[in-house]
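Okay, structure first, notes after.
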Amino acid sequence: MQCAANTKNQGCETGYCMINVAPLPRADAAVPLIAFHGVSHMFGNRPVLQDINLTINKSEFVCMVGPSGCGKTTMLRMVGGLQTPATGEVTFAGKRVAGPAREISFMFQDYSKALLPWRTAAGNVSLALEANGVPTGQRAARIKDLLGKVGLANHADHFPVQLSGGMQQRVQIARCLAQEPSVLLMDEPFGALDAMTRQALQDEILRIIQASRTTVVFVTHDLEEAIYLGDRVVALYPNPGRIAQVFDVDLPKPRNQLTTRESPSFLRLRRALFDFIREGEA
Amino acid sequence: MKVAKALVLPVALLILWEVAMRMSGIQSDSLAPPSQIAVAFYNAMLDGTIPWRTAETLRAALTGLAIGAGCGLIVSILLGLIPPVARLMQFSIEVLRPVPAVALIPVAILTLGFGYAMEVSLVAFATFWPVLIYGHAAITNIEPQLLDVSRVLRLSGLGRVTKIVLPATLPRYFVAFRLATAVSLIVAVTVEIAANPLGIGYELMTASQSLHPDLMFALVLWIGLVGWGLNGALLFAQRRLFGPAGMAEIAR
């Protein structure tokens, strides 16, 4: 019986923590950075989200999982200011999210459509700097630094079509980092990549955000990916999207593709999530 | 070798035409052998008729094109990026677009009189539509995620147009511009033939009415050459500007 030491233990009878909506803040971050307050939303007549209450703390890595139609991408777009909830509100640092903000960057799933095909890797990173009004003279050094950070130092002059899927997604990471965000929203960013590339990028993103203590909200279909990356995993039910359970992940950091995935806690959580998702589908 | 192959058929036809005219000994007010057409062309080039008239036609056509295509570009961006504007203008566009530019010749004569102003305005009217329609389609076809990217990065309205919308649609706009260029020449010559005492069209009409088939045919061939040259220049520019990537974008 193992539970995250710094959370309240209600609902912790089955070997993993089940905390229904609005978990209490963690000890290392007193003020919730992002909060959903009674958010509901419709697309036409179809309800996609129903009464979502969720808080996300600073420097937390929160993964959202659930079947298609559970509204996880919609929730992410609301935090990013791309979508306004029909009822309720989403707040960032206590203020209502009214539109995209510099502190919040958004990484899209489909890299082939999120990068400008007529700009090189460096040009795509530059776009974020241009948007933020970084003076022309400072851009080259910043771009070089950012591309180096994601391992693309030698590919600055390549166009997206000349790069592999993993490399294109790295360009997108660099462009997000160029914004110097405090929150990184990721919409199934590694879903279209092969298994090896995906694992490499998982470790890469953990390494990058560990240094900057960035808060991450990560949407994925892949339950193992959610457990491997997350501090918490939010599981959603579909039609309409509701928060079903929040799982705390108490795996030690830094995580390791072999030992972490073999550890008993990982396997227990995986089992719990799989069972849970199967119940949701039944 | 390729050029030689392409020339076989037209040259053979010209020789056949010449031989047939000479053998039959026809004296005609409506036909002329290629040799006489060539002489008429040479003379008209030398005395400045063709260069001067061509300059008049191109001046009217290109001015009209600049106005029509420019307005088409601006309006299509407004329509594409501001949905209420599109809803507001949709009906007017659908009513006005099918009006043939030629049908407006009497209107233009009555309001503007003869001269450049009426020809330019008719060319502008005719070239406005292809750029507007193709441009609007190009903008509504922009990958929605690219627009999301511009929002997430908080690009300004101007930045969004210059950094996302225009580069994404430029190849398609260029195709629309090429179409509009062809239209501009057609409308300019038509207006000159029908009414306006200017340009190649007017010279062509005069040659026909004064029974000079040699000059008339020379001018018809010349108009074809001008149109071909314009399109060729634009194709060349398209390849230079957009490269293989741009051409692929058009094919898609």
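Sorting the segments B:195-201, A:135-141 by their mean number of nearby beta carbons within 10 angstrom, highest to lowest, gives B:195-201, A:135-141.
For peptide A:208-218, the mean count of partner chain Cβ atoms within 10 Å of a residue's Cβ comes to 0. Amide H contacts of A:ASN256 (H built 1.01 Å from N, in plane; Pro and chain starts excluded): A:ARG261 sit under 5 Å, all sequence-distant by 5 or more or on other chains.
Relative to the longest principal axis of chain A, what angle (0 to 90°, nearest 10) does the C-alpha long axis of helix A:121-131 take? Approximately 80 degrees, to the nearest ten.
Here the gap between A:THR259 and A:ARG278, fully extended at 0.36 nm per residue and compared with their Cα-Cα distance, gives a gain of 4.2 nm. Counting only other chain Cβ atoms within 10 Å of each residue's Cβ, the peptide B:144-151 averages 6. Taking amide H as placed 1.01 Å from N in the peptide plane, the amide H of A:SER40 sits under 5 Å from that of A:ASP51, A:ILE52, A:ALA86, A:THR87, A:GLY88, each at least 5 places away or on another chain. Remark on A:PHE218: its backbone amide H falls under 5 Å from those of A:VAL62, A:CYS63, A:MET64, A:MET186, a criterion applied only to residues 5 or more positions apart or on other chains, H modelled at 1.01 Å from N.
One quarter of the convex hull surface built on the alpha carbon atoms of chain A amounts to 15.1 nm², the projected area averaged over directions. Could you tell me which of the pairs A:LYS113/A:LYS149; A:LYS72/A:LYS95; A:LYS95/A:LYS144 are separated by over 28 angstrom between their Cα atoms in the structure shown? Cα-Cα > 28 Å for A:LYS95/A:LYS144; rest within. Label positions at A:ALA200 and B:ALA55, each projected 7 Å from the Cα along the C-beta direction, are separated by 6.4 nm.
Averaged over the residues of peptide A:120-133, the number of Cβ atoms from other protein chains lying within 10 Å of each residue's Cβ is 2.
Between the alpha-carbon centres of segment B:100-114 and segment B:184-208 there is a gap of 14 Å. Per-residue extension of 0.36 nm, minus the Cα-Cα distance of B:ALA233 and B:LEU14, leaves a gain of 76.2 nm for this segment.
With helices defined as uninterrupted DSSP H runs, which ones in chain B have an alpha carbon span along their own long axis of at least 27 Å and mean Kyte-Doolittle hydropathy of at least 0.0? Walk me through the numbers on the way to the answer.
Values: long enough: B:2-24 (34 Å, 1.40); B:49-81 (47 Å, 1.20); B:116-140 (35 Å, 1.25); B:166-194 (40 Å, 1.44); B:213-251 (47 Å, 1.04).
Length and hydropathy pass: B:2-24, B:49-81, B:116-140, B:166-194, B:213-251.
Computing FRET efficiency as 1/(1 + (r/R0)^6) for A:GLN210 and B:VAL220, where r is the C-beta to C-beta distance and R0 is 51 Å, gives about 0.10. Output the 0 to 90 degree angle, nearest 10, between the alpha-carbon long axis of helix A:165-178 and the longest principal axis computed from the alpha carbons of chain A. It works out to around 90 degrees.
Computed over the alpha-carbon pairs of chain B, the distance histogram in 10 Å steps reads 7, 23, 26, 22, 13, 6, 2, 0 percent, short to long. Considering only B:ALA66, B:ALA207, B:ILE109, and ranking their Cα positions along the charge dipole of segment B:33-251 that arises from unit charges at the beta-carbon of Lys, Arg, Asp and Glu, the one farthest toward the positive end is B:ALA66. A Förster radius of 56 Å combined with the Cβ-Cβ distance from B:LEU31 to B:LEU170 puts the calculated FRET efficiency at roughly 0.75. Axis angle, to the nearest 10 degrees, between helix A:264-281 and the longest C-alpha principal axis of chain A: 80 degrees.
Highest mean packing comes first when the peptides B:24-35, B:161-172 are listed by Cβ atoms within 10 Å, giving B:161-172, B:24-35. For segment B:1-120, the alpha carbon positions stretch 69, 42, 26 Å along the principal axes, listed from largest to smallest. Residue by residue, segment A:88-98 carries 3J(HN,Hα) couplings of x, 8, 10, 10, 10, 6, x, 10, 5, 6, 10 Hz when phi is fed to the Karplus relation 6.51 cos²θ - 1.76 cosθ + 1.60 (θ = phi - 60°); x denotes Gly or Pro. Rg over Rh for the protein assembly as shown works out to 1.18, using Cα positions for both radii and the Kirkwood form for Rh. Each peptide in A:243-251, B:92-100, A:265-273 was scored by the mean count of other Cβ atoms within 10 Å over its residues; highest first, the order is A:243-251, A:265-273, B:92-100.
Taken together, the values in this text are just the output of simple stated rules run on the coordinates, not laboratory data. For clarity, every value in this text was computed on a predicted model and none was experimentally measured. Heads up, the Cβs are rebuilt from the backbone with ideal geometry, glycines too, and the neighbour counts pull from every protein chain shown.
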